[in-house]
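Before any comments, here is the structure.
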Amino acid sequence: MIADVNVDVSGLDCGRRRSDELAASPRNWLSDRIREGGMKRVLISGWYGFGNIGDEAILHALIDRILKTSPGTTVTALSYRPAYTRRVQAIRSAHQLPFTLVSWLSWIIKFRWIKTLTAFLRCDTFIMGGGGFLSDVQPEVPRGWLKQFRLAKLLGRRTLLYGIGAGPFNTVQGRAAVAFYLNRYVDQISVRDRESHRCLVEDCGVYAAKVSIEIDPVALMDFSRWRAPSPATDAIGIIYTMYFDRPLFGAAQSKWPLLRECFLAQIRAVRAAGFPVRLIFFQSEIESSLARELSENADVSCVFPADPEEAVREMSQCRAIISFRLHGNIIAHAMRLPYLPIVYHHKGLGFLEMVGKTDPMDMIIVGDGLNLPEKVLDPEEWVRCTERFLAKLAPPEHG
């Protein structure tokens, strides 16, 4: 049991395979599905195109796995910015299906629907994933996303939901929508942690026989080709993002200034230990104001990688990583870099469990009362945990 958080992190069942087991084997859940179905034309749908390094790394991992298992397969992705996806991922791309009335009108008026529907018509397999998008914290999300499976099934396509984090589901309507679409229109499902499995099967009533557990696909990537050619420096790479800053957090929004103080206290602790700090931001579009504020208050350098390759290059220049973002930790793990995770969601705990990193002394918990039980933010605790982490590293060469 992780201290102060009511989340069980004992051994997984449900057919779990750890990252070290998978790294030693060319087979994984998606590879098996590809071999079973003989995929030749795949359409992938997800939260792609916004330049979020984690999401783009997921898409890259999916494409990589598909093409390694079935060379010659044509891969297309639905994206909110198809030009970005074509450039970064080097695949075909069409506009994502819209959510709101305004976006539907724009999609129709600008004739974006032609390429999107053509992509559905041409594919033999429709894959949605990965990422942690499936929750009803925003009530419109389950139905908004999962209705794509109905379209794919009406066209007779094979359907897979792959590598997702699921939950929490707090409403009857949300749970009902998940059960309706997944039980009727999805052939097989892979989730990346045990709590997501529980949320789908126990909370929503999704058929257990459909659902498998496997580690996030990014954890299985070989990033060696993207590493910087020069050796790593003494710098500690820190990956932060905005949190507690949106109305969906309710009263917990008041915690944002204190979380910012925790960030600054941690930066000062790293510098006090003699390590330079390099702030790496995974989505400049929403994090530029945070970067400016931290840079001004802590006098540290900031970088904004444009894609996963640039992010890996920046991270490879660091001695170790401290990350609030889940995929900062996952990429660090895949790169075999020491990392200190800051965990705010069961998806973070689930990943750490999958890789055997369950000691509560080796992580910082941010309990928001929404995704994890509420926990008091304490800058001094952040400093102590950071100092313990840094003490395990070799002393800085130029400290």
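The values are calculated or read from the model by the stated rules, or taken from the named source; none is laboratory data. Everything numeric here is computed off the predicted structure, so don't read it as measured data. Positions of Cβ are backbone-derived with ideal geometry, glycine not excepted, and every protein chain shown enters the neighbour counts. In case anyone asks, the SASA skips ligands and DNA or RNA and just uses the protein heavy atoms, side chains included. Shrake-Rupley method; radii C 1.70, N 1.55, O 1.52, S 1.80 Å.
A few remarks follow.
- Solvent-accessible area per residue in the chain equals 41 Å², computed with a 1.4 angstrom probe and all protein chains kept.
- Kirkwood Rh and Cα Rg combined as Rg over Rh, evaluated for region 242-327: 0.97
- Considering the chain, its Cα convex hull presents a mean projected area of 18.9 nm².
- The calculated FRET efficiency for the pair residue 286 and residue 35, based on their C-beta separation and a Förster distance of 51 Å, comes to about 0.85.
- Cβ-defined net charge surrounding residue 144, 14 Å radius [Lys, Arg +1; Asp, Glu -1]: +1
- Cα-projected label distance for residue 207 with residue 83, points at 7 Å along beta-carbon direction, nm: 4.4
- Contact order relative to length of the chain, as percent, for alpha carbon pairs under 8 angstrom and 6 or more apart: 17
- Cα centroid separation, region 152-185 to region 330-399: 31 Å.
- Sequence ranges 256-264, 296-304, ranked by mean other-Cβ count within 10 angstrom, highest first: 256-264, 296-304
- Residue 132 long-range amide H proximity, modeled H, under 5 Å: 165
- Taking the chain as the region of interest, the number of lysine pairs whose Cα atoms are within less than 24 Å, with members eight or more places apart or on different chains, is 18.
- Proportion of all alpha-carbon pairs of region 160-269 beyond 19 Å (%): 65
- With DNA, RNA and ligands ignored, accessible area of residue 181 (1.4 Å probe; Å², nearest 10): 10
- When 155, 279 are compared by accessible area of protein heavy atoms, the largest-first order is 155, 279, using a 1.4 Å probe.
- Total formal charge among the other residues, if their Cβ is under 13 angstrom from that of residue 379, Lys/Arg +1 and Asp/Glu -1: -1
- Under the Debye formula (equal points on every Cα, no solvent term), log10 I(q)/I(0) of region 214-372 at q = 0.12, 0.16, 0.18, 0.19 Å⁻¹: -0.51, -0.94, -1.20, -1.33
- The share of Cα pairs per 10 Å bin across region 300-399, counted from zero up to the longest distance, runs 13, 44, 35, 8, 0 percent.
- GNM top mover of 230, 295, 190 - the chain, alpha-carbon springs below 10 Å: 230
- Relative contact order, whole percent, for region 63-199 stands at 18, derived from Cα pairs under 8 Å and 6 or more residues apart.
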